[in-house]
Amino acid sequence: MFNITDEAQIYVADLFAQQGEEDLGLKVDIEKAGTPAAAVTFNFCYEKDLGKNYFKFEYKGFNAFIDEANFDYLKDSEVALKEEGSSKKLTITAPNAKGEVPKDDAPLAEKIKYTIAAEVNPQLASHGGFVDLVEITDDMDVVLNFGGGCQGCSSVKVTLKNGVEAQLKSIYPEIKNILDVTDHSQKENAYM
């Protein structure tokens, strides 16, 4: 399931030996599992501090702990040691961590969430912003929550909304409108 090459195991075991603590383990997690923004993380941990859903895997010189919820995402993963110039670096290949692109027959909400995670939020992140799908109405209006960035700057928010609207409507022509969940300018059908 989660392979660590022999060379990488020696390298990690040496890191643990340098810590000088016998009960120390390696916690392997995935941030934002199943999304295009997924990232595998390694942290030192103590088994006693982990929940019951973490399982122990024994390697040469250390134990790794993986949350059962991440087993499918870490399937076919490999940790290897690569040389970069005069230094060495651990690398992980986790082909299932990001999940799969929704199929054509997937629900529209699933496809929009994936597009937001894969394309929209990475673009907004440079401005400190993000967007979340709140709902899709029966009239095919997509209600989004625009967060981060310049909260008090309504002109920036309108520009972001217009850009996101153009992007999503070009991919999903069935969308009629993009609505901001926090827009109170219209009293009728206000979302908060």
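The values are calculated or read from the model by the stated rules, or taken from the named source; none is laboratory data. Source: prediction; values computed, not measured. All Cβ positions, even for glycine, are placed from backbone atoms using ideal geometry, and neighbour counts span all protein chains on display. When the accessible area is computed, the model is the full protein with side chains, heavy atoms only, and any ligands, DNA or RNA have been set aside. Shrake-Rupley method; radii C 1.70, N 1.55, O 1.52, S 1.80 Å.
Only one of the numbered conditions (1) open to solvent by 50 Å² or more (accessible area, probe 1.4 Å); (2) part of a helix (DSSP H, G or I) is violated by V120, and that is (1). Hey, can you tell me all the residues within the stretch 58-86 that are open to solvent by less than 60 Å² (accessible area, probe 1.4 Å) and of a type outside the set (V, I, T)? Residues satisfying the conditions are Y59, F62, N63, A64, F65, D67, N70, F71, L74, S77, A80, L81. Out of all the residues in the stretch 159-182, which are of a type in the set (A, V, I, L, M, F, W, C) and under 16 Å from K113 (Cβ atoms)? Matches in the stretch 159-182: V164, L168, I171, I175, I178, V181.
Taking the numbered list (1) of a type in the set (G, A, S); (2) crowded, with 18+ Cβ neighbours inside 10 Å; (3) within 25 Å of N121 (Cα to Cα) in turn, A106 passes all entries but (2). Scanning the stretch 16-32 for residues that are open to solvent by 30 Å² or more (accessible area, probe 1.4 Å) and either within 30 Å of N121 (Cα to Cα) or in contact with a Phe, Trp or Tyr (Cβ under 8 Å, 6 or more places away or on another chain) (or both) yields a count of 5. Quick check, is V40 part of a strand (DSSP E or B), open to solvent by 30 Å² or more (accessible area, probe 1.4 Å), of a type in the set (A, V, I, L, M) and closer than 19 Å to K75 by Cβ? Here the answer is yes, as V40 does meet what is asked.
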